[in-house]
Structures are given as structure tokens and as C-alpha cells.
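Since the structure comes first, as C-alpha cells, the remarks are kept for the end.
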Amino acid sequence: MNKNHLFIGLRVLIVIVAFILGIFATYFIGRLMIPFIIGFFIALLINPLVDFFQVKTRMPRGFAVLTSILVILGVISTAITLLVNEIIQGFSYLSRVVPEHYKNFAVYMENLYNETIAPIYTNLLHLFRDLDQSQRSTVLDSMQFIGENLTNAFSSIVQALGNGLYFIITKLPNFATILVISLLATFFISKDWHRIVKALHKKIPKKVQFRINQIYEGLQKALLGFLKAEFKLTFISAVIVFIGLLILRVEHALSIALIIWIVDFLPYLGAILVFLPWVIYSFSTGEVFLGTGLSILYGLIVLQRQLIKPKILSSSIGISPLLTLFTMYVGFKLIGVIGIVLGPLTFILMKIFHETGIFKDIWAFIVGSNRKNTGAKD
């Protein structure tokens with residue numbers, strides 16, 4: 001092995017160690033700086049509005065930041081108030097109709113037991129009496145095994161729900177603290193935004209600035225495009241749900257569609273969290289038409305998401321529908337459901353690094369070449 005190969009091996013090791021250390025540093029620093037990172041991104045998002053108030057009304061920068069934050073909080077509060085009001089009306093309706101449905105469900109279960117379960121139980125009891133002792137022991141052991149598994153499963157579900165509720169309650173003070181600090185950080189960062197940017201420009205070399213700007217523009221396009229695509233997909237699903245519920249003549253269709261729209265943002269559960277228990281309840285209470293209609297409606301939602309998701313994602317984040325579908329599938333096979341989201345985003349990140357020349361710079365460092373970046377001035 002000559003010196004050149006030895007130096008290449010050392011530089012490869014340096015790149016790997018730097019990559020691993022960068023991941024750990026990002027993780028630990030991110031945990032310590034969460035409110036300030038949130039504040040930075042909020043400041044980044046509201047800067048166009050702050051600049052608008054500052055230029056158009058000629059108000060001081062600090063007052064423009066405060067006005068922007070109050071306007072955004074006002075819009076969010078108004079939207080939440082309208083949504084909560086609609087949900088309250090929906091729950092008010094449910095409080096009137098659920099008792100009646102509960103009575104019907106109780107009557108249905110009673111009839112089901114008397115007409116179906118009780119005769120089956122009686123027949124099984126007769127069959128059990130006809131078995132010999134060893135066969136009875138086998139049946140009893142099997143029933144005991146099934147009962148223990150069901151009990152353990154139910155206990156696990158209840159424990160998980162209790163732990164989740166306890167976790168949420170215990171984290172509320174921490175969440176409130178992070179929220180307050182994030183808003184304060186947003187105010188101070190946005191207020192001194194231009195000063196911070198100017199100071200960074202003086203400290204960071206122009207070549208590094210050029211690379212950072214390229215990566216920032218690519219990530220901004222990808223992340224905003226992804227959020228835009230998810231909003232489109234969930235909005236289309238909510239519209240389909242609303243129209244379907246109107247056809248099925250379900251009361252408070254708008255409230256239910258809004259709830260499903262919110263739930264649909266959950267990566268693992270989504271709309272099935274609402275549809276599955278609703279369908280089961282409808283069939284169990286004899287409302288076959290409603291249960292069938294809800295099943296078809298959910299099938300339409302799943303179908304439209306599978307058909308148009310690659311197309312919307314490709315148009316929003318800048319890769320072809322085939323590549324989008326491929327990265328979604330690979331991500332799903334590697335890490336499960338969350339891979340459907342992380343697959344395209346990881347590919348976009350690699351694409352940005354390739355386009356900005358990051359990989360070429362790393363390779364040039366490894367092989368020891370003195371490649372110069374022609375895209376930026378030193």
C-alpha cells in the first residue's frame with residue numbers, strides 16, 4: 001500500500017467520523033436548542049409579512065414583528081374558534097342521538113345473544129359433555145390460553161392509553177414553556193434578522209455562503225412543496241368525505257369532514273380512525289345502507305390518495321411520478337409506513353447535494369484533488 005492510498009483511506013475515515021459526529025451534534029444541540037430552532041423557523045416564515053409591515057407602514061422593526069405575530073395568532077385563534085364551535089355543535093347533536101342509538105345497539109346485542117350466541121353455546125356445551133376427559137382438558141387449556149391472551153391484549157391497550165394520557169398531561173407545562181420561549185425567540189430573532197444575516201455574511205466565507213444558499217433554496221422548495229402536497233391530498237379527501245356524507249344524508253357533514261381532515265394528517269392512522277368504528281357500529285345496529293356507504297366512501301379516499309399522491313408529490317417537490325412512487329415503495333419496505341414520507345424527502349436531499357456539488361467536493365477531498373468551485377467566488 002503506497003502513501004496515496006493510505007491518505008485516501010484516512011480521508012475516507014475523516015469523512016465518516018465527521019458525518020457521524022455531525023449527526024450526534026445535531027441531535028444533542030437540537031434537544032437543547034428546540035425553542036430557539038422553532039423560533040428561527042417561525043421568524044424565517046413570518047419575515048415577508050414583517051418586511052411588508054415595516055416597508056408599507058414605516059413602523060419600527062420591533063413593532064412590525066409584534067404586529068405580525070399578533071396577526072398570525074389572531075388568524076389561528078379565529079380558525080380554531082370556528083372549528084371548535086362547529087365541533088361543539090356536532091357533539092351536541094351526538095349527545096342527543098347517541099342515547100337512542102345506544103338503546104338500539106343494546107336491543108340488537110340482546111337479540112343477537114338470544115337468537116345466535118345462546119344456541120351456539122348450548123350446542124357447544126352438549127358437544128363438550130360428550131368429549132372424554134383428555135379432550136375436555138385440551139379444550140379447557142385452549143380456552144384458558146385464548147382468554148389469557150385476550151386479557152393481556154386488553155390490559156396492554158388500556159395501559160398504553162393511560163401512559164399516553166399521563167405523558168401528555170406531564171408534558172403540558174414543558175410544552176407551554178417551550179411555546180413561550182419560542183415566541184420570545186421569534187420576536188428577537190425576527191427583530192434583529194437583518195443584523196444577524198449581515199454578521200453571518202462577514203464571518204462565513206463566500207464559497208460556504210454560496211453552498212448554504214443553494215442547499216437552503218433546494219430544501220425550502222422541497223419542504224414547502226411537500227407540505228403543499230399533503231395539504232392538497234388531505235383537502236381533497238375532506239371534500240370527498242363532505243360530498244359523500246351529504247349523499248348519505250348524514251347530519252353535521254361539515255363537522256365530521258373537518259374532523260376527518262385533521263385526523264387525516266396523522267401518518268399511521270388517518271381517516272380510518274374515524275371510519276372503522278363508525279362502519280362497525282353502523283353494521284352492528286342494522287344500518288346496512290350507512291355502513292356500506294361509509295365503507296365505499298373510505299375506499300374512494302384510499303383509492304384517490306394512491307392514484308394522485310405520486311403525481312401531486314412529483315409536481316410539488318420536483319421529481320417524476322415514477323421516481324416518487326419508487327422512493328415511497330423503497331422507504332416503506334425499509335422502515336415501514338413512515339418511509340412513505342421519508343423516502344421521497346431523502347431522495348430530494350441527495351438530489352440537492354448532488355446539484356450543489358457537495359458530493360463532488362467530498363470526493364475531491366477524499367482523492368486529494370484541488371478542485372475549485374466555479375459557481376462561487378472565493
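Taken together, Ala222, Ala229 contain a single residue that is part of a helix (DSSP H, G or I), buried (at least 19 other Cβ atoms within 10 Å of the Cβ) and at pLDDT below 75, which is Ala222.
Determine which member of the set Ser190, Ser155, Ser182 is open to solvent by less than 70 Å² (accessible area, probe 1.4 Å), of a type in the set (S, T, N, Q), modelled with pLDDT under 80 and in a helix (DSSP H, G or I).
On the way: Ser190 fails: modelled with pLDDT under 80; Ser182 fails: modelled with pLDDT under 80.
So the residue among Ser190, Ser155, Ser182 that is open to solvent by less than 70 Å² (accessible area, probe 1.4 Å), of a type in the set (S, T, N, Q), modelled with pLDDT under 80 and in a helix (DSSP H, G or I) is Ser155.
Only one of Phe28, Phe40, Phe36, Phe24 is under 31 Å from the mean Cα position of the chain (by Cα), within 30 Å of Ser68 (Cα to Cα) and open to solvent by 90 Å² or more (accessible area, probe 1.4 Å); which? Break it down stepwise before answering.
Values: Phe28 fails: within 30 Å of Ser68 (Cα to Cα); Phe40 fails: open to solvent by 90 Å² or more (accessible area, probe 1.4 Å); Phe24 fails: within 30 Å of Ser68 (Cα to Cα).
Only one candidate passes the filter, namely Phe36.
Can you pull out every residue in the stretch 162-220 that is of a type in the set (D, E, K, R) and more than 21 Å from Leu70 (Cα to Cα)? Selection gives Lys171, Arg195, Lys198, Lys202, Lys203, Lys206, Lys207, Arg211, Glu217.
Do we have Arg11 as part of a helix (DSSP H, G or I), of a type outside the set (A, V, I, L, M, F, W, C), at pLDDT below 85 and over 33 Å from the mean Cα position of the chain (by Cα) here? Let's see the steps before the verdict.
Values: part of a helix (DSSP H, G or I): yes; of a type outside the set (A, V, I, L, M, F, W, C): yes; at pLDDT below 85: yes; over 33 Å from the mean Cα position of the chain (by Cα): yes.
Spelling it out, Arg11 is indeed part of a helix (DSSP H, G or I), of a type outside the set (A, V, I, L, M, F, W, C), at pLDDT below 85 and over 33 Å from the mean Cα position of the chain (by Cα).
Residues that are surrounded by fewer than 20 Cβ atoms within 10 Å (Cβ to Cβ) and part of a helix (DSSP H, G or I) within the stretch 241-253 comprise Phe242, Ile243, Gly244, Leu246, Ile247, Ala253, listed in sequence order.
Here Ile16, Ile88, Ile42 are screened, and the one residue that is in a helix (DSSP H, G or I) and closer than 15 Å to Phe187 by Cβ is Ile42.
I'm trying to understand the selection: among the residues of the stretch 57-85, which are part of a helix (DSSP H, G or I) and of a type in the set (D, E, K, R)?
Just the residues of the stretch 57-85 that are part of a helix (DSSP H, G or I), to begin with: 57, 61-85.
Result: Arg61, single match.
Taking the stretch 254-288 as the range and being open to solvent by less than 60 Å² (accessible area, probe 1.4 Å), within 30 Å of Ile340 (Cα to Cα), not in a loop (DSSP other than H, G, I, E, B) and not β-branched (Val, Ile, Thr) as the test, the residues that pass are Ser255, Ala257, Leu258, Trp261, Phe275, Trp278.
Residues of the stretch 38-78 being among the small types (Gly, Ala, Ser) and touching a helix residue (DSSP H, G or I) at 6+ places or on another chain (Cβ under 9 Å), which ones? Give the steps one after another, and end with the answer.
Step one: list which residues in the stretch 38-78 are among the small types (Gly, Ala, Ser), which gives 39, 43, 62, 64, 68, 74, 77.
Within the stretch 38-78, Gly39, Ala43, Gly62, Ala64, Ser68 qualify.
The values are calculated or read from the model by the stated rules, or taken from the named source; none is laboratory data. Keep in mind that what you see is a predicted model, and the values were worked out from it rather than measured. Neighbour counts run over all protein chains shown; Cβ positions are idealised from the backbone, glycine included. All accessible areas refer to the heavy atoms of the entire protein, side chains included, with ligands and DNA or RNA removed. Shrake-Rupley method; radii C 1.70, N 1.55, O 1.52, S 1.80 Å.
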